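Asker: One structure, as structure tokens, below. Some questions next.
The values are calculated or read from the model by the stated rules, or taken from the named source; none is laboratory data. These numbers come from a predicted model, not from an experiment. With ideal geometry, Cβ positions are generated from the backbone for all residues, glycine too; neighbour counts draw on all protein chains shown. These accessible areas exclude ligands, DNA and RNA; they are computed on the full protein's heavy atoms, side chains included. Shrake-Rupley method; radii C 1.70, N 1.55, O 1.52, S 1.80 Å.
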Amino acid sequence: ASLRPGAMPPVLRRLTRSVQRRMQSFFDGTNREADENPDPLLDVVQQYPIEAAWFIKVVMFYGSVSSLATIVPCGLFLLAFWEPCRLCNRPLRCWLALHCLLQLMQAPVRIVFYLRVREIQRLDGDIQECMRQLTQAPAWRTSKFVSIASYAWFVLGVVWLLNSTYCDSCPGLYRLSLGVVVASFLKLLMTLVVFNRCFPVRGEASLQAKPRGATQELIDSLPLFEFGVEEVEVRREGRRRSDSSCAVCLCEFEGAEQLRRLPCNHSFHQSCIDRWLRWNQVCPL
């Protein structure tokens, strides 16, 4: 049977559908069982879902753009000067070529991550479930492996660059390699700045979580009583009360001293506990 003009041959149509299914399975972990050891990124998303979504979008978008901005000029340079760069004392041309290849392999995963997170935010969906599916996909695991290889290859390139000399046959190779290294450090610095802006530092978080002091009106509303005859008789009989001393100053209660009792039934010297409550409204015990 003859094909209509513009119609796709059946073999090509089946091949296209097969490729689409494989690509979808590669980037999607919807039907996969939950791992016993989930990705650490899920813990961050669970604690700070809004901040984590914003951080992922910024890092993935900037990572994709910076990767493409590195690949294009490096690729054009290597195509034009591949042979002259062979005479340089360090194989920086090979380092640039593999570096660009590793960046190109990570770009699709970053773009998909960015688009998925942006879409789930637009639909006001479950960001935690979205990240669970993405981190369980083979694409995420492959990207992590490629990232480790990329970091190792980057360190090797820095060592080669520090030990290279001026190359007369290809003078632009050193400058281009140095530019790639500087751009990579700037990308790392940007990631750290964004992370610091999105997520609280542990020290700051603990300070923010620390209870604030009670108002003087609240302190004055707590009951006062005098350490009197009843307490003295208890101590004379050899029995010991759980609050026979002040836990703030660590001194024993004496007769006729003014004590203040907290709602938890712990008692303290009035002056001691008042000073304590002005800084911390939680019982010292």
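Asker: Quick one: accessible surface of residue 195, probe radius 1.4 Å, all protein chains present, in square angstrom to the nearest 10.
Answerer: Here the accessible area works out near 100 Å².
Asker: Residue 251 versus residue 104, label points 7 Å from Cα toward the beta carbon: distance in nm?
Answerer: Label at residue 251, label at residue 104, 8.0 nm between them.
Asker: Here's another thing I want to ask about it. What ranking of 95, 160, 279 comes out by heavy-atom accessible area, probe 1.4 Å, highest first?
Answerer: Listed by decreasing accessible area, they come as 279, 160, 95.
Asker: If you count only protein heavy atoms and use a 1.4 Å probe, how large is the accessible surface of residue 60, to the nearest 10 Å²?
Answerer: About 30 Å², ignoring ligands and nucleic acids.
Asker: Going by amide H atoms built from the backbone, whose H comes under 5 Å of the H on residue 245, apart from near neighbours?
Answerer: Distant-sequence amide H within range of residue 245: 253.
Asker: Further question: Report ³J(HN,Hα) in whole Hz for each residue of region 141-148, in order, from the Karplus equation J = 6.51 cos²θ - 1.76 cosθ + 1.60 where θ = phi - 60°; Gly and Pro get x.
Answerer: 5, 5, 5, 5, 5, 5, 5, 4
Asker: In region 73-133, what percent of the accessible surface is made up of carbon and sulfur (1.4 Å probe, ligands and nucleic acids excluded)?
Answerer: Roughly 63 percent, rounded to a whole number.
Asker: Then there's this: Tell me, what is the 1.4 Å probe accessible area of residue 185, in Å² to the nearest 10?
Answerer: 110
Asker: Quickly work out the residue 278-to-residue 79 label distance, labels modelled 7 Å from Cα along the C-beta direction, and quote it in nm with one decimal.
Answerer: The modelled label-to-label distance comes out at 7.5 nm.
Asker: Using a 7 Å offset from the Cα along the Cα-to-Cβ direction at both residue 15 and residue 196, what is the distance between the two label points in nm, to one decimal?
Answerer: 5.2
Asker: Further question: Each residue of region 155-171 in order: what ³J(HN,Hα) in whole Hz does its phi give by Karplus 6.51 cos²θ - 1.76 cosθ + 1.60, θ = phi - 60°, with x for Gly and Pro?
Answerer: Couplings: 4, 4, x, 5, 5, 4, 5, 5, 9, 8, 10, 5, 10, 5, 6, 8, x Hz.
Asker: For region 101-197, what is the accessible area per residue in Å², given a 1.4 Å probe and the full set of protein chains? Let's see the in-between values first.
Answerer: Working: 5680 Å² over 97 residues.
With all protein chains present, region 101-197 gives 59 Å² per residue.
Asker: Need one number for region 44-150: average projected area of the convex hull over its C-alpha atoms, nm².
Answerer: Result: 7.6 nm².
Asker: Compute the FRET efficiency between residue 22 and residue 175 as 1/(1 + (r/R0)^6), taking r as their Cβ-Cβ distance and R0 = 45 Å, and round to the nearest 0.05.
Answerer: Calculated transfer efficiency: 0.65.
Asker: Which ³J(HN,Hα) values in Hz, rounded to whole numbers, follow from the phi angles of region 55-60 under the Karplus curve 6.51 cos²θ - 1.76 cosθ + 1.60, where θ = phi - 60° and Gly and Pro get x?
Answerer: Couplings: 5, 5, 4, 5, 5, 5 Hz.
Asker: For region 38-182, what is the relative contact order in percent, using Cα pairs closer than 8 Å and at least 6 residues apart in sequence?
Answerer: 34
Asker: Quote the relative contact order of region 106-186 in percent (integer), defining contacts as alpha-carbon pairs under 8 Å separated by 6+ residues.
Answerer: Answer for region 106-186 is 22 percent.
Asker: Between residue 221 and residue 48, take the C-beta separation as r, use R0 = 35 Å, and let me know the FRET efficiency to the nearest 0.05.
Answerer: 0.40
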